[in-house]
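Every number in this text was worked out from the coordinates using simple rules, so none of it is lab data. Please read these numbers as outputs of a predicted model, since none were measured by experiment. When we count neighbours, we look across all protein chains shown, and the Cβ atoms used for this are built from the backbone with ideal geometry, even at glycine.
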Amino acid sequence: MRTREFFGYLAERENVRLRKEAGDPWPWTDDPILQRYKFTNVKREDDATSRGLIGLHYEPNRNADPKTILLNCALNRYFGTTEFAEARGWLDYDTYDPDFVEDLAADRRSRKERVFTGAYVITNGGISAPKEQVVVQYYISELYNAIPELVEIAQMTRSWRAVAKRMSKILGFGGSGFMSKETLVDTTYTNFWGTSLIEGMAAGRPAILSLPADWGDWSPYGPGARRGAVRVLGHDDIYSVEAQSKRRDVALGVQLMLDLSELSTAHLPFFLAPHDIQFGLCEFDKYERVRLGQGEPKATYRRPK
């Protein structure tokens with residue numbers, strides 16, 4: 001297994017963040033790949049959007065009604081920008097008006113103001129309509145109707161795996177489970193999950209997190225993580241990576257994430273939960289594609305002036 005290389009990538013990516021935030025001059029690394037291309041932070045809550053949403057929405061409303069929390073988490077991640085979250089505001093489940101959200105998004109897009117993130121692709125799912133209409137009137141509306149049931153599942157099981165399984169049946173939240181995962185990870189920045197708490201988080205993160213009972217036992221496992229897992233297991237050839245990732249048993253992939261999570265503190269000065277490992281595997285696949293000349297990420301890093 002290429003465990004050392006995987007954690008070596010994560011360690012250097014974290015060092016880039018620390019040097020940047022310390023005000024060190026660019027470049028913050030000697031690694032030409034990390035200098036040129038964008039890679040997400042090792043911990044999701046260190047990303048600018050997550051920090052912005054935590055300060056703007058989740059910390060001030062951490063004790064809100066669970067239905068309201070889940071609705072806002074889904075809206076925040078489907079649009080994916082703090083600018084639109086700030087313009088939209090925190091919306092109450094009982095008074096939610098989908099037309100307001102759709103009209104606001106359309107108006108901002110017409111004025112070329114930020115609405116959707118460019119960090120990941122939001123598809124129309126084959127529906128012939130403007131993107132904001134598809135998201136609000138199809139994806140979020142179907143989720144809205146299921147939210148009371150989802151909250152009941154969360155309260156009865158305290159299992160994000162159980163909630164994600166039900167969400168996978170909702171239009172726009174199935175497939176790889178990416179949007180279900182994005183939404184449910186955001187709920188951990190609030191008291192959505194009740195009394196399982198972690199204290200003493202670093203600056204810029206919540207002082208207390210409320211976590212599902214199976215937080216350390218499971219994480220969704222999408223195509224990018226599958227490819228990264230195959231690379232950690234020692235496959236470099238791009239055709240082998242693609243073929244193995246499609247055949248690889250999901251249960252074995254989840255077990256690999258759990259194993260790497262347990263190993264994280266032996267290689268890094270902090271613990272990585274399985275969902276952190278899942279993000280890391282996706283980014284490791286991107287990194288290896290560049291290193292081996294197998295492709296390039298779409299997003300390049302703009303050198304600071």
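On full extension of the chain, what length is gained from residue 252 through residue 110, given 0.36 nm per residue of separation minus the C-alpha to C-alpha distance?
Fully extending the segment from residue 252 to residue 110 adds 46.5 nm.
Go through segment 87-93 residue by residue and turn each phi into a ³J(HN,Hα) via Karplus (6.51, -1.76, 1.60, θ = phi - 60°); whole Hz please, and just put x for glycine and proline.
Karplus-based 3J(HN,Hα) across segment 87-93 equals 5, 6, x, 7, 10, 7, 4 Hz.
List the lysines whose alpha-carbon lies under 17 Å from that of residue 131, not counting same-chain residues fewer than 8 positions away?
112
Give me 153, 277 sorted ascending by neighbouring Cβ count inside 10 Å, so fewest comes first.
Least crowded to most crowded, the residues run 153, 277.
Can you compute the charge dipole magnitude of the chain about its Cα centre, using +1 on each Lys and Arg Cβ and -1 on each Asp and Glu Cβ, nothing else charged? Give it in debye, rounded to the nearest 20.
Value, rounded to 20: 900 debye.
Computed from the coordinates I sent, Rg and Dmax of the Cα atoms in Å equals one of [x] 19.3, 53; [y] 20.2, 66; [z] 33.0, 106. Tell me the label.
[x]
For residue 37, what residues show an amide H to amide H distance below 5 Å, using hydrogens built from the backbone and excluding near sequence neighbours?
Those lying under 5 Å, H to H, from residue 37 are 301.
For segment 149-160, take each phi angle, set θ = phi - 60°, evaluate the Karplus expression 6.51 cos²θ - 1.76 cosθ + 1.60, and give the result in whole Hz per residue in order, putting x for glycine and proline.
Taking θ as phi minus 60°, the curve returns 5, 5, 5, 4, 4, 4, 6, 7, 9, 6, 10, 6 Hz for segment 149-160.
If you line up the long axis of helix 98-110 against the longest principal axis of the chain, both from Cα atoms, how many degrees apart are they, to the nearest 10?
Around 60 degrees separate the two axes.
Could you name the lysines whose alpha carbon sits less than 18 Å from that of residue 38, not counting residues in the same chain fewer than 8 places away?
Excluding near neighbours in sequence, the set is 20, 286, 298, 305.
Can you compute the modelled spin-label distance between residue 100 and residue 263, with each label point 7 Å from Cα toward Cβ, in nm?
So the label points at residue 100 and residue 263 sit 5.0 nm apart.
Chymotrypsin sites (Phe, Trp or Tyr not before Pro), restricted to segment 240-305: which are DSSP loop and have at most 14 other Cβ atoms within 10 Å?
The qualifying sites are 270, 271.
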